[in-house]
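Structure first, commentary second.
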There are 2 protein chains.
Amino acid sequence: MAGLDELYDEGAVSVEAMDMNGPGTATSRGLAAIKAKHEWWNGAFEVTGGKVEGPYLHGADRFAVIFAMETRNRETGETGAMQEVAVYTVNEAGRIVREEFFY
Amino acid sequence: MAGLDELYDEGAVSVEAMDMNGPGTATSRGLAAIKAKHEWWNGAFEVTGGKVEGPYLHGADRFAVIFAMETRNRETGETGAMQEVAVYTVNEAGRIVREEFFY
């Protein structure tokens with residue numbers, strides 16, 4: 001994903017909906033870990049279509065985005081469609097310090 | 001809205017995206033205040049169509065719902081369409097203790 005360096009704080013925390021690989025693995029701490037997650041994901045899946053809606057604002061420091069995605073598993077060829085909600089928290093500098101995914 | 005008594009904790013807090021009537025008014029504290037907000041809203045607007053998507057889960061205690069609504073202002077007749085995201089937090093008894101609206 002382009003823009004990570006511009007949009008995210010270096011210490012940003014990313015939280016998936018659930019642990020995927022043992023206790024505590026839902027949470028990725030720091031921009032390097034978030035980039036690694038993106039790299040893993042993009043290596044495993046190809047996005048073949050989708051839609052982004054938002055941002056939907058809440059207070060001065062949070063917003064939500066709705067992501068609809070059509071995907072293709074690069075290894076198996078299996079295709080899928082999903083929709084998820086992401087909730088972002090920004091700091092006073094306008095950088096994302098936390099993202100939480102709901103699905 | 002049906003189900004408030006069944007779904008919400010008595011002390012539930014509801015937070016709109018922004019203050020609508022002076023500082024602090026984004027937040028309604030307690031089920032009675034939430035019911036009053038619903039009554040006000042339903043008195044002001046008629047829902048003429050819409051769609052509810054979700055729940056989208058996050059961790060053990062939160063979920064998001066996407067509401068699309070077509071509305072009609074009962075007083076002016078003005079029609080509108082909006083989409084919003086609601087994020088709910090539940091307690092261990094499964095009751096909603098907090099709702100936050102993003103729009």
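In plain terms, the bigger the Kirkwood radius, the slower the diffusion; for chain B, with that radius from Cα pairs, at 20 °C and 1.002 mPa s, Stokes-Einstein puts D at 147 µm²/s.
With protein chains left intact and a 1.4 Å probe, residues in chain B average 57 Å² of accessible area per residue.
Name the lysines eligible as straight-distance cross-link partners of A:Lys37: C-alpha to C-alpha under 23 Å, and not fewer than 8 places from it in the same chain. Answer for A:Lys37, where 23 Å is the Cα cut-off: A:Lys51, listed by chain and number. In nanometres and ascending order, the distances from the A:Gly24 label point to those of the other copies are 4.1 (point 7 Å from Cα along Cα→Cβ).
Buried surface between chains B and A: roughly 1600 Å² of accessible area, summed over both sides, computed with a 1.4 Å probe on protein heavy atoms only.
Counted by Cβ distance under 15 Å from A:Ile34, the other residues give a net charge of -3, where Lys and Arg count +1 and Asp and Glu count -1. Under the convention that each Lys and Arg Cβ holds +1 and each Asp and Glu Cβ holds -1, the size of the dipole of chain A around its Cα centre is about 40 debye. Cα axis of helix B:31-44 to longest principal axis of chain B: angle in degrees, 0 to 90, nearest 10? Long axis of B:31-44 versus the principal axis of chain B: about 20 degrees.
Taking max minus min of the alpha-carbon positions on each principal axis, the protein assembly as shown gives extents of 55, 36, 30 Å, largest first. Heavy-atom accessible surface of A:His58, to the nearest 10 Å², is about 10 Å², with a 1.4 Å probe and all protein chains retained.
The values are calculated or read from the model by the stated rules, or taken from the named source; none is laboratory data. All values derive from a computational prediction rather than experimental measurement. Neighbour counts are summed over all protein chains in view; Cβ atoms, including those assigned to glycine, are modelled from backbone coordinates with ideal geometry. For accessibility, only protein heavy atoms count, side chains too; no ligands or nucleic acids. Shrake-Rupley method; radii C 1.70, N 1.55, O 1.52, S 1.80 Å.
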